[in-house]
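In what follows, a structure is listed as structure tokens, so that the remarks can point back to it.
Just so it is clear, none of the values below were taken in a lab; they were calculated from the coordinates. The model shown is predicted, which means the values in this text are computed figures rather than measured ones. Reconstructed Cβ throughout: ideal geometry from the backbone, glycine too, with neighbour counts over all protein chains shown.
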Amino acid sequence: MMRICVIDGQGGGIGAAAIKKIKDAFGETVEIVALGTNAIATAQMLKARANRGASGENAIVRTVAEADVVVGPIGIVMAHALMGEVTPAMAEAVSGCRAAKILLPLSQEKVEIVGLSQEPLPHLLDALVDNHLKPRAR
């Protein structure tokens, strides 16, 4: 069974939306682990039907090492992103883990990605499932 770690911070809205979309597409054929940079984000992602959840630096560092896929906003690979909630250890663990990283180009950071079109979150989540997760599940 594919293990997908969904990481989010602040209010967990992006992560919750991603989990709902993934669950709608795959049901219980994948394991979704909600990893919040804080307890509120984790709680929101658990409400969205994640299989398990945990919060904080140590949970993220330890759990991404066992993931097949990591999903989240692009800030999860940048130290001090998400208003400082992503620690350097979190960013290093995510960027260095063996899992495929599928990053949503949503950022409050002063980072711009050249050549990327601005799509609304629902379109990005469609692409996440259809173009990136479904091919891996086959």
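Within the chain, the longest run free of exposed loop sites, counting GluC sites (Glu not before Pro) that sit outside DSSP helix and strand states (H, G, I, E, B) and have at most 16 other Cβ atoms within 10 Å, spans 1-65. Normalised by 2.2 N^0.38 Å, where N counts its residues, the alpha-carbon radius of gyration of the chain equals 0.94. Taking all Cα pairs closer than 8 Å and separated by 6 or more residues, the relative contact order of the chain comes to 23 percent. How much length, in nm to one decimal, is gained on full extension between Lys110 and Asn131, taken as 0.36 nm per residue of separation minus their Cα-Cα distance? 4.8 nm is the gain from fully extending Lys110 to Asn131. A straight Cα-to-Cα reach below 20 Å connects Lys134 with the lysines Lys20, Lys21, Lys23, Lys101, residues fewer than 8 places away in its own chain not being considered. Ranked for footprinting exposure by Cβ neighbours inside 10 Å, fewest first, Thr37, Thr63 give Thr63, Thr37. Ordered by the count of other Cβ atoms within 10 Å of each Cβ, fewest first, Leu121, Leu103 give Leu121, Leu103. Report the label-to-label distance for Ser95 and Glu28 in nanometres (one decimal), using points 7 Å from each Cα along the Cα→Cβ vector. Computed distance between label sites Ser95 and Glu28 equals 3.9 nm. Our helix-only sum for the chain, with -39,500 (n - 2.57) per DSSP H run of n ≥ 4 divided by its residues, gives a mean residue ellipticity at 222 nm of -10500 deg cm²/dmol.
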